[in-house]
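One structure below.
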Amino acid sequence: MKFTLPRWLPLSACASAIAASIIGCTSPSASSPANMAGAAAPSWRVDAAWPKPLPNKWILGQVSGIATDTDDHVWVLQRPGSLTEDERSAALNPPQANCCTAAPPVLEFDAAGNLLRSWGGKGAGYDWPENEHGIHVDAKGFVWITGNGDNDGQVLKFTRDGKFVMQIGKVGPQTGSADTTRLGRPAGVEVDMAANEVYVADGYHNNRVIVFDADSGAFKRMWGAYGKPPIAVGKPDGRRTTAPTAAQLQTFGSPVHCARVARDGLVYVCDRLNNRVQVFRKNGEYVKEFSVEPQTAGNGAVWDIVLSRDPAQRWLLMADGRNNQVLMLSRDTGAVQGRLGRAGRYAGEFHWVHDLAVDSQGNLYAGEVDTGKRAQKFVVNR
C-alpha cells in the first residue's frame, strides 16, 4: 500500500496550507525560484509498506545512518543498544513476550524493501563503536561506519559482506581537534572517489572536517568554520536553550554532523547546532554559508544533507531533526523551496529525522533516532 500523502509543500503555493496543516498542494508557480532555475521542484509520496517485515523477530532501534549504493540498495545502520527492555522482550532470559529481539547493526535492503544481508558488531581486529552513528557505501562497494559513543574516535571500513578492511583512529579518552591520529566522536563519513579521499564530519567532541586517504588512512588535511583551524569547544553537549549568538557562529558548533561532496567539487558541511550549512572547496577554502531555521534552539536544525541526482545537483535535501521535517533547499542560494513532513508517528511524519539518502531514481530515504526508531521511503513523483 502506498500513501500519496504527505507531499512537498512548495512555499510559493502553500504557505496557508502549512499554517492550516493541510497536506498536498499545487506545484510552484511559474515565477517561483524553482521554475526560474530551469526545472520544476521534485515531490515525493511516502511508501508506508517499506521496508518489509524483518525475519527472526528482529526489530530496529534508532536508525542513525542510512545510505544507498550503486545498485540502489539501501543500507541501514541501527542501534541495537537503544532498544528498551520491553522492545527486546523475546531476548530476555527467560523471554517475557513473543517479540522482539534486536536486529544486527547493519542491514542491506533492495529498493522493494526486501532484506538482503545483515551483519555488524564486535569482532577481531577492530573496535566496533559504542554508539553507532553514520554509514556510507562508496562506489567500490566498501561500507564505512562511524560511532559517537563517549570513547569513540574511529572510522571503520568493511566489505559489503562485513569483512573488516581498515580502521582510522582509535577508541579511548577524547583528545581534541588538533589530534590527527584519532577522531572525536565522528558523525558523517563520505568518500570522494575522484580523489580517493574520505571526508569525516568530526564530530560530537571535535568540531572539524578531516580528510584521509581512502586506502591507507593517512591524514591529508582538516579545517574548522570558515576554513580556519579548528577551535576546541570546551565540553560540548550538543544542545542550547537559545538560538546561536554571533560569537558562537564564529566556530563550528558540536556536532559537525555531515560533510557531502558535490560533483562540482564543493563540500557541504552540516553545522547542526548553529543552524547552517557551510560550503567549501575540497582544499578547505571557505565559499559561502546558508542559514536554515536560524531561531532553532535545542539540538539544532541542520542534521543531514544529501544532494539531488539531477545532472546539476540543483537541490539540497536537508534533515531538520529538531523541527521534524525535511527541507528542500536551492543549492545555489540555500533558499527553502519545499518542506516534507511534520512532527508525528504516522507514515510520512517524523520524530528526530537524523539521516537521509537518495537513490539513482530520485527516491528519498530517511532514518529516525530517539524514539522514532524507523526508516522510511519516499517515492519520487514523476
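Max-minus-min Cα coordinates of the range 191-257 on each principal axis give 42, 20, 18 Å, with the largest extent listed first. The radius of gyration of the Cα set in the range 217-285, together with its Dmax, comes out at 12.6, 39 angstrom. Of the listed residues Arg309, Arg260, the order by accessible area with a 1.4 Å probe, largest first, is Arg309, Arg260. Relative to the current alpha-carbon distance between Lys288 and Ala343, full extension at 0.36 nm per residue lengthens the span by 16.8 nm. Just so you know, the Cα atoms of the range 93-135 work out to an Rg and Dmax of 13.8, 37 Å. Each part gets one Cα centre, and for the range 121-136 versus the range 305-337 those centres are 29 Å apart. Taking a ≥ b ≥ c as the square roots of the eigenvalues of the alpha-carbon gyration tensor, the range 97-218 is classed oblate because a/c is 1.5 or more while a/b is no larger than b/c. Where in the range 139-175 does the label zone of Asp110 land, with the point 7 angstrom along Cα→C-beta and an amide N cut-off under 18 Å? Flagged as within label range: 161. Considered as an equivalent ellipsoid built on the Cα gyration tensor, the range 342-382 has semi-axes of 20, 11, 6 Å, the largest given first. As a fraction of the 1.4 Å probe accessible area of the range 275-355, surface on carbon and sulfur atoms comes out at 47 percent.
About its Cα centre, the dipole of the chain is roughly 460 debye, where the only charges are +1 on Lys and Arg Cβ and -1 on Asp and Glu Cβ.
Counting charges near Pro104 (Lys, Arg +1; Asp, Glu -1) among other residues having Cβ under 12 Å from its Cβ returns a value of +1. Its Cα gyration tensor gives the chain an equivalent ellipsoid, and the semi-axes of that ellipsoid, as √(5λ) in whole Å with the largest first, are 29, 27, 20. Let a ≥ b ≥ c be the square roots of the eigenvalues of the Cα gyration tensor of the range 44-122; is it rounded (a/c under 1.5), or, if not, prolate (a/b larger than b/c) or oblate? It is prolate, given that a/c is not under 1.5 and a/b is the larger ratio. Cβ-Cβ distance of Asp86 and Lys163, R₀ of 41 Å, FRET efficiency by 1/(1 + (r/R0)^6): the value works out to about 0.75. Per residue, the chain exposes an accessible area of 40 Å² to a 1.4 Å probe, with every protein chain left in place. By the equivalent-ellipsoid construction on the alpha carbon gyration tensor, the range 228-382 comes out with semi-axes of 24, 21, 12 Å, ordered largest to smallest.
You can think of it this way: the chain between Leu54 and Phe219 has 55.5 nm of extra reach, that is 0.36 nm per residue less the Cα-Cα gap. Projecting the Cα atoms of Pro173, Gly341, Gly162 onto the charge dipole of the chain (Cβ charges, centred on the Cα centre) puts Gly341 farthest toward the positive pole. Of the beta bridges DSSP finds with both residues in the chain, what % are antiparallel, to the nearest 5? Of those bridges, close to 95 percent are antiparallel. Ordering 316-325, 284-293 by mean Cβ neighbour count within 10 Å, with the highest value first, yields 316-325, 284-293. Available extension along the chain between Lys122 and Val380 is 89.2 nm, counting 0.36 nm per residue and deducting the alpha carbon span.
The values are calculated or read from the model by the stated rules, or taken from the named source; none is laboratory data. Just so it is clear, the model here is predicted, and its values are computed rather than measured. Every residue, glycine among them, receives a Cβ derived from its backbone with ideal geometry; neighbour counts consider all protein chains shown. The area values use the complete protein model at the heavy-atom level, side chains included, leaving out ligands, DNA and RNA. Shrake-Rupley method; radii C 1.70, N 1.55, O 1.52, S 1.80 Å.
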